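Note sheet for the following structure.
The values are calculated or read from the model by the stated rules, or taken from the named source; none is laboratory data. Just so it is clear, the model here is predicted, and its values are computed rather than measured. In this analysis, Cβ positions are derived from the backbone assuming ideal geometry, glycine residues included, and neighbour counts consider all displayed protein chains.
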Amino acid sequence: MDVKARISDGSVIIDGEKLSPEEVVFLVETGKLKLEGLEEYLSNAINTNPDFFVRYIVYSDLRERGYAVRPGREFFWLYPRGAQPGDKLARYIIRILRESDSIAVTELYRLIGLARNMRKELILAVVDEESDVTYYGMGAARLEGTHHDETAMVSCSLAGDRVLVHDRATAEKLHKDMYGKLMGDKLILSMIEAAYLMKRGAPDDTGRFMEYVASKDRNFKDKLDVYCDLRAKGLILKTGFKFGSHFRVYTASEQEHSSFLVHVLPHGYIFTMHELARAVRLAHGVKKRMVFAYVDNRQIRYIYIVRKKL
């Protein structure tokens, strides 16, 4: 099928409609458009926007999957298969990144908020060095559980980077409420479990303990804030070390396997695409959802990231 087109001020016009460079090149490549001077047009597109070819890789991939796509300056707008822009509303907005790019966690949260305000879902399209595209879905995570306990710390002692609970009855009660590890009559708590229980039982006595722990872990306060928030939401937290994260999270005490991996980031943390891909791949491999958390002006933000099949 030959489509008549004209060039005006460097732009391709078909039936009075201006096409994006991505649309033009795709139509030519698929034999639906004949355009003299394609090489010059393509060279101008690349000079005008150095990201053009990366954008085109994503555009072409989506079109070959049967989707309608409208390129925009910051996003691609993705429509349902078989639909045309104007027939139905776009469901997704797509932000394109390279394998070598990085992005701040605060920028991800901004993009998620922007998508939510537009009633769309956000997708990251990451183009690797072999020009393959991987898609990631993301949004603001809402974590809630059903566990409830009213336990607080009583007598304990510091043992290096652990805290020991000596009272047997208290140790057994805490362990039943999913804290620590029992060894004989004693319960071994992590620093973060101990800090949480001390805040609940004797908040005025936590100052020196917090100073001690913070001297060993500069991110401890943020991790404790996240731990406290998720415990208050009825969730159970255990170390996520075996999965490369700070916490593995259960929604109920009877749950055999955790549902989430939560990793706490400093405010303004910069992600590399390799780090993001590694964390999401690992979480997917163990059938969990990857959640990143950070503290923003006393507000805790949670972002889930998953592989997206399109």
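Write out, first by first residue and then by second, each pair whose Cβ atoms fall under 8 Å of each other, whose residues are 6+ apart or on separate chains, and whose first residue, in the range 28-44, is more than 12 Å from V12 (Cα to Cα) while the second is hydroxyl-bearing (S, T, Y).
E29/S60
Looking for whichever is part of a loop (DSSP other than H, G, I, E, B), in contact with a strand residue (DSSP E or B) (Cβ under 6 Å, 6 or more places away or on another chain) and at pLDDT below 95 here; the options are H257, H267. Which one fits?
One residue alone meets the criteria, H267.
Can you pull out the residues in the range 282-298 that are in contact (Cβ under 8 Å) with a residue 12 or more places away in the chain and more than 12 Å from the chain's Cα centre (by Cα)?
Answer for the range 282-298, where residues must be in contact (Cβ under 8 Å) with a residue 12 or more places away in the chain and more than 12 Å from the chain's Cα centre (by Cα): L282, H284, V286, K287, K288, V295, D296.
Answer with yes or no whether E172 is at pLDDT 90 or above, part of a helix (DSSP H, G or I) and more than 21 Å from H267 (Cα to Cα).
No: the conditions fail for E172.
Among the residues of the range 221-249, write down those that are of a type in the set (F, W, Y) and surrounded by fewer than 21 Cβ atoms within 10 Å (Cβ to Cβ).
Across the range 221-249, the qualifying residues are F241, F243.
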